[in-house]
Amino acid sequence: DFLDEVAVFSIFRHASEMPLFRIEKRPQLRAKQGMYSVIAAGGVILKRGHELAQVLKVFDKKLLKALSKE
C-alpha cells in the first residue's frame, strides 16, 4: 500500500487472512529511529532502522527456527 506518509508491504500466510507482518517505510522518521520498521500482527515493532537489509534480518532467526523443526 502507498499512502501519503507511509509505504507498507504486508506479508500474508494465506491471502484471505490478516497480514502476519508489515514492513513500513516512513520517510519522516529518517533522522530519528530510522525510516524502516518490521511490525508483527499484534502491532508490536520487532525491528526499526535506517537500512532495509539490517531491518529484514529479523526474519533470518524466524526462518532458521522453522527450518530446524522440519
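For the reader, a short list of remarks on this structure follows.
- Close pairs (6 angstrom Cβ cut-off, 6 or more residues apart or separate chains): touching a residue at least 12 places away in the same chain (Cβ under 8 Å) in the range 10-31, open to solvent by 100 Å² or more (accessible area, probe 1.4 Å) and assigned to a loop (DSSP other than H, G, I, E, B) anywhere: L20/R13
- Some residue of the range 10-23 being outside any loop (DSSP other than H, G, I, E, B), basic (K, R) and buried (at least 17 other Cβ atoms within 10 Å of the Cβ): yes
- Of residues in the range 51-70 being more than 13 Å from the chain's Cα centre (by Cα) and assigned to a loop (DSSP other than H, G, I, E, B), the one modelled with the highest pLDDT: K69
- Residues considered: Q28, Q33. Of these, the only one that is within 16 Å of V6 (Cα to Cα), modelled with pLDDT under 90, part of a helix (DSSP H, G or I) and open to solvent by 70 Å² or more (accessible area, probe 1.4 Å) is Q28.
The values are calculated or read from the model by the stated rules, or taken from the named source; none is laboratory data. Treat the numbers as computed from the prediction; the structure is a model and nothing was measured. For neighbour counting, all protein chains shown are included, and Cβ atoms are generated from backbone atoms with ideal geometry for every residue, glycine included. For accessibility, only protein heavy atoms count, side chains too; no ligands or nucleic acids. Shrake-Rupley method; radii C 1.70, N 1.55, O 1.52, S 1.80 Å.
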